[in-house]
Amino acid sequence: MLTFHYDKLDSTSEQGKRLAARYRGQRLLVTAKCQTAGRGRSGRLWQSPVGGAWFTLVWPIERAVEATSIVPLLVGREVLRAVRKTIGSMHALKIKWPNDVLLGSEPQKIAGVLCEQWLHDRDGLDRTLCIGVGINVNFGCSELSHDLHGRATTLLSAIGSSLDVSRLIELCVRYVASALDETNGGRLSAARLQDLEAHLAWLNEPICLRSGDRLIKGICRGLDPSGRIQILVGQQLRLFDAGEVSQLRIDAVQSEPCVRVTTS
Ligand code: BTN
């Protein structure tokens, strides 16, 4: 794998795409000590001060990833594994479907994954995944934007000591590479599925899924082999492949199983 380290970039994922054009067909790792225009999911800005683990893997693949949920899920799980190895086992770590890593008993986000896929040719045989990972490591919560307060944290704030960012990135890359090689974008094996569900936040608890202009409320029943989330809405088990999950109080499920909201 070719590796590129920078002190400062707009975004490691943007740089990854620029480099991919020059190094076609090769696996690349791009890291930056800070990003000036870090990107999150749904077009959100991703705060990326010095002290975080900000990196992108450029990953050529042989065929389209069948379910958009699989790669982010696997990457989130492997990032969790690397964080667990780094901070030890006494801190609760969970995956918020599809790909956020949450820390603590009142779970707060410490890491996110942004997966993008693009084609190089018309017959769709030559594809590349761009897997951007951000982990809040050695900086305080005051450097996160105001609207994230209470919902996101940093490892420094949560555990009170600095960590070796390079080593954490190295572990993530090693774990992610081996998980991607194992599945190559296919369906999740039974063992993988079981492992993912064991780390899924709010399994068998009330959740709310915001998907486009819909707000779905129900009980989280786990995942299917394509990485979709299963939600029991009223008496019906439904599958979703995209959306934002959050925890829900039980009384809200009983009174309002499914409502439509408008977005501006
Ligand atoms: C999310 O919204 O949870 C995904 C955040 C992904 C952030 C990372 S930081 C490294 C890479 N470069 C970016 O611009 N974004 C991703």
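The values are calculated or read from the model by the stated rules, or taken from the named source; none is laboratory data. As the structure is a computational prediction, the values presented were derived from the model and not from experiment. Cβ placement follows ideal geometry from the backbone for every residue including glycine, while neighbour counts extend to all protein chains displayed.
Of everything in region 26-56, what is of a type in the set (A, V, I, L, M) and more than 10 Å from the ligand (Cβ to nearest atom)? Give them in sequence order.
Correct list: Leu28, Leu29, Val50.
Based on this model, can you work out whether Ser13 counts as closer than 26 Å to Thr183 by Cβ and modelled with pLDDT under 95? Reasoning before the result, please.
Details: closer than 26 Å to Thr183 by Cβ: yes; modelled with pLDDT under 95: no.
Spelling it out, it is not the case that Ser13 is closer than 26 Å to Thr183 by Cβ and modelled with pLDDT under 95.
Which members of region 20-57 meet the condition of being within 23 Å of Glu170 (Cβ to Cβ), at pLDDT 95 or above and of a type in the set (A, V, I, L, M, F, W, C)?
Correct list: Leu28, Leu29, Val30, Ala32, Cys34, Trp46, Val50, Ala53, Trp54, Phe55, Leu57.
Which residue, of Lys109, Lys17, Lys96, is charged (D, E, K, R), out of contact with any His (no Cβ under 8 Å at 6 or more places or on another chain), within 13 Å of the ligand (Cβ to nearest atom) and free of Cβ contacts under 8 Å to residues at least 60 places away in the same chain?
Exactly one of Lys109, Lys17, Lys96 is charged (D, E, K, R), out of contact with any His (no Cβ under 8 Å at 6 or more places or on another chain), within 13 Å of the ligand (Cβ to nearest atom) and free of Cβ contacts under 8 Å to residues at least 60 places away in the same chain, namely Lys109.
Are any of the residues in region 151-163 part of a helix (DSSP H, G or I), touching a strand residue (DSSP E or B) at 6+ places or on another chain (Cβ under 7 Å) and in contact (Cβ under 8 Å) with a residue 60 or more places away in the chain?
Yes: region 151-163 contains one or more residues that are part of a helix (DSSP H, G or I), touching a strand residue (DSSP E or B) at 6+ places or on another chain (Cβ under 7 Å) and in contact (Cβ under 8 Å) with a residue 60 or more places away in the chain.
If you go through region 191-209 one residue at a time, how many are in contact (Cβ under 8 Å) with a residue 24 or more places away in the chain and loosely packed, with under 15 Cβ neighbours inside 10 Å? Talk me through it step by step, then tell me what you get.
Keep residues of region 191-209 that are in contact (Cβ under 8 Å) with a residue 24 or more places away in the chain, which gives 192-193, 195-197, 199-202, 205-209.
With loosely packed, with under 15 Cβ neighbours inside 10 Å added as a condition, the list becomes 195, 205.
Qualifying residue count for the region: 2.
Assess whether Arg81 counts as being within 10 Å of the chain's Cα centre (by Cα) and either over 17 Å from Leu148 (Cβ atoms) or not polar (S, T, N, Q) (or both).
no
Test each condition in (1) aliphatic (A, V, I, L, M); (2) in contact with a strand residue (DSSP E or B) (Cβ under 8 Å, 6 or more places away or on another chain); (3) part of a helix (DSSP H, G or I) for Ala21 and report the one that comes out false.
(2)
Answer with yes or no whether Val75 is within 13 Å of the ligand (Cβ to nearest atom), in a helix (DSSP H, G or I), within 20 Å of the chain's Cα centre (by Cα) and of a type in the set (Val, Ile, Thr).
yes
Just the residues that are modelled with pLDDT under 85 and within 16 Å of Trp202 (Cα to Cα), please, taken from region 212-264.
Result: Arg249, Ile250, Asp251, Ala252, Val253.
So, in region 111-126, exactly how many residues are in contact with a Gly (Cβ under 9 Å, 6 or more places away or on another chain) and either modelled with pLDDT of 85 or more or in a strand (DSSP E or B) (or both)?
Qualifying residue count for the region: 6.
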